[in-house]
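Okay, structure first, notes after.
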Amino acid sequence: MDGYGFAVLLQSKIMPPSDPSTMVQIVLRWIHFLAGITWIGLLYFFNLVNVGFLKKLDAPTKGKVIPNLMPPALWYFRWGALVTVLAGLTYWILILQTEPEMGATLGRWFGLVVATFAIFYGLLRVPAIAKDGRILAVIVFLLVGGMGHLLVKLNTHDGASNRALSIGVGGGIGLIMLLNVWGVIWPAQKRIIAWTAANAEKGTAIPPESAVLGRRAFLASRTNAWLSIPMLFFMAAASHYPMFTGG
């Protein structure tokens, strides 16, 4: 940078917006991004690195690694997920306040997302489906795709913006991922960690149920990893790729 450019930089003024709503939104977005990076980063670590790593360990080594590695990793994982969704949901509600039918939009959104998760939760308990991840993947693709279609179709009306609709779809996928974390992955992993620690310390046998819970947690985690791809796309499309109109 030459002397003139540096002088211009020194003379420039930083003028943040004085609107309180704008300030609140940027704080929420910053929290959302920071927590989201923590959550999704650990999700990719679990799926791309940790699964293969643990398969290579023998039982005594797992008894040392799992009780020490997984509790702190899962702490940041599950709380990062919760903060991400809560900050994002609050931000989305602030956007919806400027558009009509906010209450109805939120009601339809919660209803469709929770119903979609309930179906997925039930599918994980069907042995034939849980045994073959490819079958589950096809069903989840159709299930979440249908949910996204309905979210857009039912909430497209005069005044609805691409921003609100796109965040609604991405946020719906994100809420399913959060429910997977707290409703499937963490409950299973918590018990597996306790059994592994007891086995290493006291020689207590690990119950056969551990395999079922481990498989269930793996499928939910792998599902979240794949769902993160469209989730991130729709979040980015909210401001950078207009594809929805409100009528």
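Take F117 and decide whether it is modelled with pLDDT of 95 or more, of a type outside the set (S, T, N, Q) and surrounded by fewer than 16 Cβ atoms within 10 Å (Cβ to Cβ). So F117 fails the test. Applying the set (1) modelled with pLDDT of 95 or more; (2) more than 26 Å from T105 (Cβ to Cβ); (3) not small (G, A, S) to I176 leaves exactly one unmet item: (2).
When you check V85 against the structure, is it touching a Leu at 6+ places or on another chain (Cβ under 7 Å), modelled with pLDDT of 95 or more and of a type outside the set (D, E, K, R), yes or no? Here the answer is yes, as V85 does meet what is asked.
Candidates V152, V144: the one that is within 24 Å of L219 (Cα to Cα) and either modelled with pLDDT under 95 or hydrophobic (A, V, I, L, M, F, W, C) (or both) is V144. Here's a check for you: in the range 60-112, which residue that is polar (S, T, N, Q) and assigned to a helix (DSSP H, G or I) is nearest to S21 (Cα to Cα)? Among residues in the range 60-112 that are polar (S, T, N, Q) and assigned to a helix (DSSP H, G or I), the one nearest to S21 (Cα to Cα) is T90. Among the residues making up the range 179-209, a single one is of a type in the set (S, T, N, Q), more than 14 Å from L74 (Cβ to Cβ) and either surrounded by 18 or more Cβ atoms within 10 Å (Cβ to Cβ) or modelled with pLDDT of 95 or more (or both): N199. Annotation: T61 fulfils all but one of (1) without any contact (Cβ under 8 Å) to a residue 40 or more places away in the chain; (2) surrounded by 13 or more Cβ atoms within 10 Å (Cβ to Cβ); (3) farther than 17 Å from L219 by Cα; (4) β-branched (V, I, T); the unmet one is (2). For the range 144-163, the candidate set comprises residues that are out of contact with any helix residue (DSSP H, G or I) (no Cβ under 6 Å at 6 or more places or on another chain) and surrounded by 16 or more Cβ atoms within 10 Å (Cβ to Cβ); within that set, the residue that is nearest to P242 (Cα to Cα) is N162. Counting only residues that are free of Cβ contacts under 8 Å to residues at least 24 places away in the same chain and within 19 Å of the chain's Cα centre (by Cα), which one in the range 210-247 is surrounded by the fewest Cβ atoms within 10 Å (Cβ to Cβ)? The residue in question is I229.
The values are calculated or read from the model by the stated rules, or taken from the named source; none is laboratory data. From a predicted model like this one, the values you see are computed outputs, not experimental measurements. As a convention, Cβ positions derive from the backbone with ideal geometry for all residues, glycine included, and neighbour counts pool all protein chains shown.
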